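Everything below concerns the one structure shown next.
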Amino acid sequence: MDDIRQKANAALECFLGPGKTFRDGQYEAIEATLTKKRILVVQRTGWGKSMVYFVCTKILRAQQKGVTLIVSPLLSLMKNQIETASKAGLKCEVLNSTKSPDEKNSILNSMKNDDIDLVLLTPEALFTEIVQSALPNIKIGLFVVDEAHCISDWGHDFRLDYCRINKIIGSMLKNVPILATTATANDRVVEDLKKQLGEDVFVSRGPLMRKNLSIQILKMKDKVSRYAWILENIVKIPGSGIIYCLTQNDCEHLADFLNKNDVKARAYHSDLPAETTIETEQLFMENKIKAIVATVKLGMGYDKSDISFVIHYQMPSNVVAYYQQIGRAGRNIERAYTFLMFGQEDLDIQDYFIQTAFPSKEEAYDVMDLIARNEGLSIYDILVQCNFSKGRVENTLKFLINEGFVYKEKSKYYASANSFEYNEKHYDEVRKIRYREQDQMLKYLDIHDCYSRFVVNCLDDKTSEKCGVCANCLGYEEFSSEVSENSSKKAADFLERICFKIVPRKQWAKTENTKTTKIVTPNEEGVCLSVYGEPPYGAMVKQGKYENKRFCDELVNKSAEVLSSFIRENQIGAIAYVPSVRSNIVKDFAERLAQKLQLPCLDALRKKVAMQQKEMENSSFQCRNAKNSFAVQNGMILSGNVLLVDDIIDSRWTITVCGNELRSAGAAKVYPFALAKSSKKESD
């Protein structure tokens with residue numbers, strides 16, 4: 001063991017410089033990895049879990065062992081890891097979606113030739129055909145699963161792609177060390193991970209309390225108050241930080257609001273181009289922006305040592321995720337500040353994620369039955385025949401593959417020889433735990449004891465210590481929850497002006513009898529006033545549609561205000577509307593809007609009796625149903641540019657079909673306008 005310690009100390013100095021020593025538990029984890037073969041490290045954020053596998057890699061490569069494979073969920077983490085490992089002379093590469101096929105082949109060939117020390121790859125990359133076919137020819141010296149709680153469906157961030165890693169672990173040679181690391185595993189998750197790692201697992205588990213993190217809870221349920229507080233207070237904190245939001249829209253809008261008020265901020269989520277993401281990370285790392293406004297995409301493993309604040313614009317769904325996210329702050333500074341806000345919409349968004357974590361019984365059986373009855377289906381073949389959203393079908397396919405009922409070859413899915421069984425009891429139990437975790441967060445909002453102690457106790461660290469720096473320990477707010485009238489006015493004015501683009505569809509969807517084809521003359525880009533249900537205008541839409549059965553005058557006036565210059569700029573000469581056989585609410589609104597804008601309102605379209613569009617779940621069904629539902633009125637002849645009005649848009653197929661009908665009757669261009677878009681649930 002003395003020999004291992006000497007080698008470990010020497011390796012550590014390669015990474016951190018002469019005279020550096022290990023933190024409590026680090027050397028023990030390294031020694032266990034090199035001798036016991038199956039290791040689970042559960043340590044707080046900032047403890048230095050990555051140093052364990054870097055030092056092990058340095059020692060193993062000196063012994064001519066194989067390449068270290070590190071499975072990691074985030075591209076941003078990979079960049080940090082590569083920089084750290086390369087400084088110590090390790091030859092490193094990354095395998096992920098940013099690499100071209102030629103680059104991937106080159107890296108895999110180097111791995112086969114044992115010319116690389118360490119490779120980081122995403123779980124998605126690990127299970128691509130090119131990597132899976134190469135693995136049997138690669139000598140592996142150490143297999144690392146970073147953020148290992150993702151393997152466990154009891155973990156807060158369970159991922160179907162990620163949990164397939166247990167199949168790799170099960171097939172790994174017994175003499176290959178396997179190291180799993182996480183900062184966010186309670187007793188239930190630890191026990192599950194021990195079972196998945198195999199017999200005789202060494203667990204390195206340390207205290208989770210972070211005594212340099214100040215926690216304050218702000219009970220501001222409306223957006224105006226939250227926007228105003230953030231604007232007023234983040235400039236008072238030195239350095240830069242993270243603002244976490246639950247949806248992409250919230251990231252975009254809050255970042256825009258801050259920038260418009262001279263606070264440099266960037267949105268960060270999974271729909272942004274890779275070059276934008278990389279640029280944002282670099283600006284944040286160099287403290288050239290005050291805040292990065294992010295979804296959970298910026299979460300696990302992100303390594304910036306001087307983050308001075310973390311603000312939760314909305315409440316996370318559980319204490320484990322919350323602990324992980326506030327743990328981004330204060331890694332290498334004496335004091336950092338964290339703030340938790342709670343919004344009315346938080347629980348609705350969380351409920352959506354909880355309910356859709358696993359495919360429903362209907363989804364699983366219908367997709368499985370369809371695949372079993374056919375010899376190889378693409379996802380688009382499935383969508384044409386199954387009325388489920390594309391995202392839900394993708395999730396179902398991942399689930400069926402992970403459970404061993406389906407396998408994929410190239411772009412086709414096939415039924416395996418295993419008999420299908422839907423373990424409903426287990427999935428329901430996971431959902432119940434998620435709701436108990438949600439209740440735990442709601443309880444957290446109202447406690448009078450130490451906030452930090454409550455959090456780590458929930459993670460099964462039973463410390464009785466208090467942090468001494470949270471608002472409850474101090475007995476006062478370090479940052480007042482009161483906001484000025486000036487900041488509130490800025491926030492209210494900004495939120496009232498938010499509108500959304502309606503991006504035109506350019507192709508007709510594939511149906512049973514047709515292929516995807518180009519729309520010859522698509523709609524122009526349109527305007528949407530609000531998000532359905534969100535104050536102020538989305539809430540008015542909801543009330544008007546389902547309670548009052550008439551949209552209020554304020555919606556008419558606001559729409560006219562938004563559209564007046566838009567109509568002039570695009571030379572719109574008339575208004576048409578999407579008709580309904582069940583209600584005249586859209587017709588009534590369009591006629592009042594037309595009167596306000598002094599434009600003719602045309603009864604140009606007719607609705608045929610068909611299924612309700614909201615019952616259609618994917619593009620194939622939505623496109624087909626919309627085509628069967630609308631037609632231009634007999635004898636209708638149009639000219640010039642037309643504004644097409646609807647109340648709520650979701651898939652955009654109704655306005656796409658209606659716009660196509662209007663152009664067939666002679667309209668030159670069609671510009672859609674909607675009062676609200678459905679509140680699509682976005683996570684990253």
Exercise. Working only within segment 197-231, note down all residues that are open to solvent by 40 Å² or more (accessible area, probe 1.4 Å) and not β-branched (Val, Ile, Thr).
Key: GLU199, ASP200, PHE202, ARG205, PRO207, LYS211, LYS219, LYS221, ASP222
Quiz prompt | Selection count, segment 515-546, where residues are farther than 30 Å from ASP381 by Cβ, hydrophobic (A, V, I, L, M, F, W, C) and in contact (Cβ under 8 Å) with a residue 40 or more places away in the chain | solution = 5
Self-check item: Residues located in segment 17-47, provided they are of a type in the set (S, T, N, Q), open to solvent by 50 Å² or more (accessible area, probe 1.4 Å) and outside any loop (DSSP other than H, G, I, E, B)
Solution: THR35
Self-check item: Residue check, VAL131 surrounded by 15 or more Cβ atoms within 10 Å (Cβ to Cβ), at pLDDT 85 or above, more than 18 Å from THR57 (Cβ to Cβ) and out of contact with any Ser or Thr (no Cβ under 7 Å at 6 or more places or on another chain)
Solution: yes
Quiz item: Looking at LYS501, LYS443, which is the one that is within 30 Å of SER559 (Cβ to Cβ), within 26 Å of the chain's Cα centre (by Cα) and surrounded by fewer than 15 Cβ atoms within 10 Å (Cβ to Cβ)?
Solution: LYS501
Quiz item: In segment 180-217, which residue that is at pLDDT below 85 and part of a loop (DSSP other than H, G, I, E, B) is nearest to LEU142 (Cα to Cα)?
Solution: GLY198
Quiz prompt | Unmet requirement for PHE284, which otherwise passes all of (1) free of Cβ contacts under 8 Å to residues at least 40 places away in the same chain; (2) surrounded by 18 or more Cβ atoms within 10 Å (Cβ to Cβ); (3) under 28 Å from THR98 (Cα atoms) | solution = (1)
Quiz item: Of the residues that make up segment 400-412, is at least one in contact with a helix residue (DSSP H, G or I) (Cβ under 8 Å, 6 or more places away or on another chain), of a type in the set (D, E, K, R) and free of Cβ contacts under 8 Å to residues at least 24 places away in the same chain?
Solution: yes
Exercise. Could you please find all residues in segment 10-43 being β-branched (Val, Ile, Thr) and without any contact (Cβ under 8 Å) to a residue 24 or more places away in the chain?
Key: THR21
Practice problem: Just one of (1) touching a helix residue (DSSP H, G or I) at 6+ places or on another chain (Cβ under 6 Å); (2) not in a loop (DSSP other than H, G, I, E, B) trips up ASN395, so point out which. | Solution: (1)
Quiz item: With respect to the numbered conditions (1) modelled with pLDDT under 90; (2) farther than 27 Å from HIS426 by Cβ, which one is the sole condition not fulfilled by GLN355?
Solution: (2)
Practice problem: Return the total of residues in segment 301-322 being open to solvent by 10 Å² or more (accessible area, probe 1.4 Å), under 15 Å from THR182 (Cα atoms) and not aliphatic (A, V, I, L, M). | Solution: 2
Quiz item: So which of SER416, SER411, SER464 ends up being at pLDDT below 90, within 30 Å of ILE379 (Cα to Cα) and open to solvent by 30 Å² or more (accessible area, probe 1.4 Å)?
Solution: SER411
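Need at least 2 residues that are open to solvent by 30 Å² or more (accessible area, probe 1.4 Å) per element, so show me which strands (runs of 3 or more DSSP E) inside segment 563-676 make the cut, counting only ones lying wholly within it.
Here the list reads 605-607.
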Exercise. Kindly establish whether GLU547 is open to solvent by 10 Å² or more (accessible area, probe 1.4 Å) and within 12 Å of VAL645 (Cβ to Cβ).
Key: no
Quiz item: Hey, among GLU477, GLU485, which residue is surrounded by 12 or more Cβ atoms within 10 Å (Cβ to Cβ), over 30 Å from the mean Cα position of the chain (by Cα) and more than 30 Å from ALA185 (Cα to Cα)?
Solution: GLU477
Quiz item: Filter segment 323-334 for residues that are closer than 22 Å to CYS458 by Cβ and touching a Gly at 6+ places or on another chain (Cβ under 9 Å); which is surrounded by the fewest Cβ atoms within 10 Å (Cβ to Cβ)?
Solution: ARG331
Practice problem: Restrict the check to segment 53-61 and report whether at least one residue is surrounded by 13 or more Cβ atoms within 10 Å (Cβ to Cβ), closer than 23 Å to LEU298 by Cβ and hydroxyl-bearing (Ser, Thr, Tyr). | Solution: yes
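Rundown of residues vs (1) touching a Phe, Trp or Tyr at 6+ places or on another chain (Cβ under 9 Å); (2) among the aliphatic types (A, V, I, L, M); (3) at positive phi, yes/no style:
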residue: GLY330; (1), (2), (3): yes, no, yes
residue: ILE333; (1), (2), (3): no, yes, no
residue: GLU345; (1), (2), (3): no, no, no
residue: ILE349; (1), (2), (3): no, yes, no
residue: PHE353; (1), (2), (3): no, no, no
residue: LYS361; (1), (2), (3): yes, no, no
residue: ALA364; (1), (2), (3): yes, yes, no
residue: ASP369; (1), (2), (3): yes, no, no
residue: ARG373; (1), (2), (3): no, no, no
Exercise. Answer yes if at least one residue in segment 212-234 is touching a Lys or Arg at 6+ places or on another chain (Cβ under 7 Å), in contact (Cβ under 8 Å) with a residue 60 or more places away in the chain and of a type outside the set (A, V, I, L, M, F, W, C), and no otherwise.
Key: yes
Quiz prompt | The lone exception for ARG266 - which of (1) open to solvent by 20 Å² or more (accessible area, probe 1.4 Å); (2) at pLDDT below 95 it fails | solution = (2)
Quiz item: With (1) within 22 Å of TYR380 (Cβ to Cβ); (2) touching a Phe, Trp or Tyr at 6+ places or on another chain (Cβ under 9 Å) as the list, and SER651 as the residue in question, which single condition is left unmet?
Solution: (2)
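The values are calculated or read from the model by the stated rules, or taken from the named source; none is laboratory data. These figures come from a predicted structure and were not determined experimentally. All Cβ positions, even for glycine, are placed from backbone atoms using ideal geometry, and neighbour counts span all protein chains on display. Note: areas computed on protein heavy atoms with side chains; ligands, DNA, RNA excluded. Shrake-Rupley method; radii C 1.70, N 1.55, O 1.52, S 1.80 Å.
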